[in-house]
Amino acid sequence: MSFILAPSLLSANFLHLEKDIEMINASEADWLHLDVMDGVFVPNISIGFPLIKQVAKIASKPLDVHLMMVEPQKFISRFSDLGVQSLSVHYEACIHLHKTILQIKDAGMKAGVVLNPHTPVELLTDILEDVDIVLIMSVNPGFGGQKFIFHSYDKVRRLRAMIDQKDLNTQIEVDGGIDFENGKLMIETGVNILVAGNSIFNAPDPIEMIRRMKAEK
C-alpha cells in the first residue's frame, strides 16, 4: 500500500536548516512536517511564523503543520497565507472543533484533528466525515525523541474500522517515535501518512533512510 512520508523538521539541525530542507527536497519524501508549539498546550516552544515563512521559500515539498497550541483558530489565515497545505489542530485544545475544521477548509487547506495518546478515537464519531486527516500521537506531544507508545496500533485499527465503516476518504497520520520497523507495521495496520523525525535526521544517510522507508509499501 502506498503512503505519504513526512520528515519532521523538529529533528533537523537548526544551525544548518537550509541544508536539511534541501536534503528533504532531493529525497523521496512526500511532505515536510512542522510542529508549532506554544509553551501553553505543551511545555515547550518550537517555531513561529518568521521561520515558517523562510522554510516555505525553499521547501519544495508540501508543508504539513501540526499545531500544539491553544486557540489555534486565531492563526488559521496566517498559515494559509504561507502556503501550508494541511493544518492539524488538537481535539483537546479546541472548544469549537467543528467550526475550526470548517475554517481551515475555507482557508484552502486540508483539515486535520490530532489526538493525544489518552484520547479515544471514538470521540471523533460525530466529526469524522468533516475531517481530511486524523493524526494519532504515538508519543506525548511537546518533545522529540520519545519512545513509541505501543497501544497506538490498536488505536489505529479502531480508527481505520470507523473510517471504512462510513466509507470515508479520511487519512490516518501517525507521529511519534516512528522508525523503519514500527513504521512498516503502522502502514500494515492502516496508516496513510508517517511522520518520522530522529530516525531520518539522525541516520548516517538520511536520504537512504527515506528511500528504505518509502520502499516498504
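Quick note: the coordinates plus some simple rules give every number you see, no bench work behind them. Here the structure is a predicted model, which means the values were calculated and not measured. Because the Cβ atoms are built from the backbone with ideal geometry, glycine has one as well, and the counts that use them run over all protein chains shown.
Observations
- Charge tally in the Cβ shell below 12 Å around Asn140, where Lys, Arg are +1 and Asp, Glu are -1, Asn140 excluded: -1
- Fluctuation leader among Leu87, Leu128, Leu102 - the chain, Gaussian network, Cα springs under 10 angstrom: Leu102
- Taking Cβ atoms as reference points and 12 Å as the exclusive limit, the residues near Lys99 contribute a net charge of -1, counting Lys and Arg as +1 and Asp and Glu as -1.
- Distance between the C-alpha centres of the range 1-71 and the range 79-93: 12 Å, rounded to the whole angstrom.
- Over every Cα atom in the chain, the radius of gyration and the widest Cα-Cα span, Dmax, amount to 15.9, 47 Å.
- Each DSSP beta bridge with both residues in the chain is either parallel or antiparallel, and the antiparallel ones are about 5%.
- Within-11-Å neighbourhood charge of Phe49 [Cβ basis; K, R +1; D, E -1]: +1
- Counting only Cβ charges, +1 for Lys and Arg and -1 for Asp and Glu, the dipole size of the chain around its Cα centre is about 140 debye.
- Exceeding the 32 Å Cα-Cα cut-off - candidates Lys19/Lys155; Lys53/Lys155; Lys99/Lys155: Lys19/Lys155; Lys53/Lys155
- For the pair the range 138-190 / the range 109-123, the C-alpha centres are spaced 11 Å from each other.
- GNM top mover of Phe150, Phe201, Phe79 - the chain, alpha-carbon springs below 10 Å: Phe150
- Put a plus charge on the Cβ of each Lys and Arg, a minus charge on the Cβ of each Asp and Glu, and nothing anywhere else: the dipole of the range 12-84 about its Cα centre is then about 240 debye.
- Projecting the Cα atoms of Gly108, Tyr153, Leu124 onto the charge dipole of the range 86-179 (Cβ charges, centred on the Cα centre) puts Tyr153 farthest toward the positive pole.
- The calculated 222 nm mean residue ellipticity attributable to helices in the chain amounts to -9500 deg cm²/dmol, summing -39500 (n - 2.57) over DSSP H runs of n ≥ 4 and dividing by all residues.
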